[in-house]
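Just so you know, all these numbers are worked out from the coordinates, no wet-lab data involved. Keep in mind the model is a prediction, meaning the values are calculated, not measured. Neighbour counts are summed over all protein chains in view; Cβ atoms, including those assigned to glycine, are modelled from backbone coordinates with ideal geometry.
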Amino acid sequence: MPISEAEPNDPLSGDPAEKRTVRDTQSEFSELCLPNDTNMFGNMLGGHVMHLVDLCGAVAAMRHSRCPVVTASIDQMTFLHPVRLGELVKLRSQVNRVFRTSLEAGVKVWVENLHTREVKHTSSAYVTFVAVDASGNGIMLPPIEPETDEEKRRYEDAAERRAYRLAFRGRNGPTPKH
Ligand SMILES: CC(C)(COP(=O)(O)OP(=O)(O)OC[C@H]1O[C@@H](n2cnc3c(N)ncnc32)[C@H](O)[C@@H]1OP(=O)(O)O)[C@@H](O)C(=O)NCCC(=O)NCCS
């Protein structure tokens with residue numbers, strides 16, 4: 001994919017010394033589980049949870065990139081508990097690491113029973129987004145600075161996950177262009 005130069009008014013061409021932190025990318029999202037998004041057992045559809053994960057991750061990604069992003073991949077997701085009709089699904093995301101034109105966002109999902117106030121962790125996901133301009137060219141992203149021990153751990157782990165993803169991609173794609 002070609003990589004574009006930053007335009008003069010592009011936020012990416014702003015002060016290169018400006019520090020962009022993980023904290024600045026942290027995002028939250030919540031949604032009540034309603035009948036339109038459930039299966040015949042009254043549980044939220046897994047695909048709908050993935051949609052919310054994609055959105056919550058994209059908000060964190062755009063808080064860092066300050067430009068449009070597309071989803072390149074979502075790592076394996078497991079659903080540990082159902083989200084039942086009338087429960088609240090809550091998501092939190094942050095950028096774990098920035099590579100060149102792509103970055104990894106981590107998204108964690110919980111379900112809250114609003115009657116008992118019990119909260120359970122239901123899923124975690126890593127989503128890779130690529131920053132693109134209007135012509136579909138990649139945009140080089142500014143680096144991110146992890147500050148806390150937890151952010152530094154996620155930053156290191158993200159490099160391993162990227163290597164695995166790109167090795168997987170090397171074996172399985174990309175699909176040849178027609
Ligand atoms: C994702 C996409 C932009 C990659 O384009 P490409 O021409 O294959 O680009 P490149 O090989 O030059 O890779 C560009 C970046 O994407 C990353 N990337 C590509 N495929 C990836 C994958 N499967 N997982 C993780 N990262 C990936 C590369 O590592 C590279 O990142 P870097 O610049 O930080 O090193 C392109 O495949 C695309 O537009 N896909 C559709 C996106 C979309 O519409 N998503 C919504 C769901 S339909």
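Shape analysis of region 34-94 yields a ratio of the Cα radius of gyration to the Kirkwood radius, Rg/Rh, of 1.03. When the chain is described by a simple charge dipole with +1 on each Lys and Arg Cβ and -1 on each Asp and Glu Cβ, the residue from Ala131, Phe29, Val49 located farthest towards its positive end is Val49. Using a simple spin-label model with pseudo-atoms 7 Å out from Cα toward Cβ, Thr21 and His121 lie 2.4 nm apart. Once the convex hull of all Cα atoms in region 43-138 is built, its volume per residue stands at 94 Å³.
Counting lysine pairs in the chain that sit 8 or more residues apart in sequence, or on different chains, and whose Cα atoms lie under 28 Å apart gives 8. Dividing the alpha-carbon radius of gyration of the chain by the rule-of-thumb value 2.2 N^0.38 Å gives 1.12. In this Cβ point-charge picture (+1 for Lys and Arg, -1 for Asp and Glu), region 9-168 has a dipole of about 200 debye about its Cα centre.
Using a cutoff of 8 angstrom between alpha carbon atoms and counting only pairs six or more residues apart, the relative contact order for region 5-141 works out to 27 percent.
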